[in-house]
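The values are calculated or read from the model by the stated rules, or taken from the named source; none is laboratory data. What you see is a predicted model, and the numbers here were worked out from it, not measured in a lab. FYI the Cβ positions are ideal-geometry reconstructions off the backbone, even for glycines, and counts take in every protein chain you see. For the accessible areas, the whole protein counts, side chains as well, though only heavy atoms, and no ligand, DNA or RNA atoms are used. Shrake-Rupley method; radii C 1.70, N 1.55, O 1.52, S 1.80 Å.
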Amino acid sequence: MNKRPLILDCDPGIDDAIALFAAFQSPEFDLIAITTVAGNVGIEHTTRNALQLCEVAGVDVPVARGASQPLFRQAVFADHVHGKTGLRTLVLPAPTKQALPNAVEVIRQAILDHPHELEILAVGPLTNIAQVFLLDPTLPKLVKSITIMGGGHQHGNMTPAGEFNIVVDPEAARIVFEAGVPLHMVGLDVTMAEGLFPSEIDQYFSVSNLQTTTIHHILKDMVYAEGKQFKEAAYIHDAMALLYMLDPSILQGDWYHVDLETKSSISYGKTVVDYYHVTKKPKNVWVALGLDAAKYKANLKERLHRYQK
Ligand code: RIB
Ligand code: CA
């Protein structure tokens, strides 16, 4: 089986952590590197968390440190959801490895090493990806696809209009959305449609080891992390984007023109989906609108149960 070369750009982050654990059990991918970006918490924490999670999983994947700030805006964080460190109450041993210093260079090199084959999964603010495309505008045409957890057609979670990853750096999102790379947007319409319920989490694993107890801890800690205005569940946004890359049938959607609001003080960071194609502009983004919740949960469990070997 030809492995799919992949860059996983993230801001761990409790749901990023679950996506990473699932990615480490996905031999379909040749995971070239994990690149980190400031988002849920600052770059020091997201990078440290990525290093620590690799060690919990026992994988040796390069981790490269990325942007500490959005392109133009002041950084905003989601430590109210992810806790001060980004992993809420989970305490892990200090990492024994160092991160590479430059995510942009790592991503650029991965594109050049795998022309027309590299896939990018971005589950944090899109600052790193935008910087790569700003650095060398010839690179986007060499990227096979970009799948993001971010945005959405209807609701926002950072503002009423905007989803966190986009709101943090809407200018970066605009650059990435307009770069011409086939882009798949796994947004809140599907990631908030279904979470893991406490009863499911309690019976999730039947084997106890470092990985399963760590994942279980994170899942339990995620319930209510998003706030009591949501159903009592763990909303594992980022893992859904990864699982979609592995089995697109978990989501239903279609191609639409999507623009980015970057000016409005009320709705900046909104991904504006041209649902009725009124602009007649190119349908640049595949937008996820429906979730097969049973299949998503079954696929996630199948991946994470691979740690029960
Ligand atoms: O809005 C949810 C997204 O923002 C997830 O990627 C979460 O990790 C945060 O980055
Ligand atoms: Ca994330």
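Here are a few things to note about the model shown:
- Å³ per residue enclosed by the Cα convex hull of the range 189-295: 144 Å³
- Under the span-like rule (Cα at least 20 Å along the axis, Kyte-Doolittle mean at least -0.5), DSSP H helices of the chain: 43-57
- For trypsin sites (Lys or Arg not before Pro), the sites in the range 260-308 that DSSP calls loop and that have at most 15 other Cβ atoms within 10 Å are K263, K280, K283.
- Beta bridges from DSSP with both residues in the chain: antiparallel share about 30 percent, rounded to the nearest 5.
- Cα centroid of the range 250-309 to Cα centroid of the range 1-75, whole Å: 20 Å
- Accessible surface of the chain [probe 1.4 Å, protein heavy atoms]: carbon and sulfur percent: 55 percent
- Distance histogram for the chain (every C-alpha pair counted, 10 angstrom bins, percent rounded to whole numbers): 6, 30, 39, 21, 3, 0
- Rounded, prolate or oblate (a/c below 1.5 giving rounded, otherwise prolate when a/b exceeds b/c) for the range 87-188 by Cα gyration tensor: oblate
- Here the range 1-152 has an Rg and Dmax of 14.5, 44 Å, counting Cα atoms alone.
- Other-chain or far-sequence residues with amide H under 5 Å of T35's (modelled H): L8, D9, C10, A64
- Close amide-amide hydrogen proximity is noted between R4 and F29, D30, each under 5 Å apart and 5 or more residues distant or on a separate chain (H modeled in the peptide plane; Pro and chain starts excluded).
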